[in-house]
Amino acid sequence: MRLKKTISYVIFGLLFIIFTVRSSYTALNNKRNTPIALPTGGKKTDVHVIRIIDGDSFVVRYDHTRVHVRLAGIDAPEMNQSYGPESKKYLANLILRKTILLLMQKKDKYGRILCDAYIEGIFINGHLVKNGYAWAYRPNHRSIYKSQTDARKKKLGLWNEKNPQSPWAWRKEN
């Protein structure tokens, strides 16, 4: 009788350990694969940039999670488009492996966080347009449109080309 009781306790203990370890592993694994962990709706958060995808999107580390971010109000040339690699390189030189401030707006249809980004007081979205590495995309940022007009007049970046094509027109054709 005493042996049966001991065996029951051992079996119960092993099942408890297996269940606990499995639950912990599952919770940790789910946290790593969480696609979006940043708050949205105008909240500000400091993040560390770990990867540049192209001229207007990148990956950050936030709360031990990788999060895909897309700069709001601008559209940089695609990587296979004229001036795409230059745009990516410019963004990388500006923010890669640095801490930046994000002002989150919402998620886009691809699950990325749309945001305004700042580094050392520089509005990154506008800075890319101002220097000819991206197009103004939404009319809600008058300062970005003014920056595009100025860059176009000065023939900066992509505006130095004879007939620069917008990324949205290029995507439609390709």
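Data overview
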item: Flag for Ser82 being more than 16 Å from the chain's Cα centre (by Cα), modelled with pLDDT under 95 and surrounded by 12 or more Cβ atoms within 10 Å (Cβ to Cβ); result: yes
item: Selection from region 69-85 of residues that are of a type in the set (D, E, K, R), within 24 Å of Val47 (Cα to Cα) and touching a helix residue (DSSP H, G or I) at 6+ places or on another chain (Cβ under 9 Å); result: Asp75
item: Selection from region 97-121 of residues that are more than 17 Å from Lys43 (Cβ to Cβ) and in contact (Cβ under 8 Å) with a residue 24 or more places away in the chain; result: Arg97, Lys98, Tyr110, Gly111, Ile119
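The values are calculated or read from the model by the stated rules, or taken from the named source; none is laboratory data. Since the model is a prediction, treat every value here as computed from it, not as a measurement. No Cβ is skipped: glycine too gets one built from the backbone with ideal geometry, and neighbour counts run over all protein chains shown.
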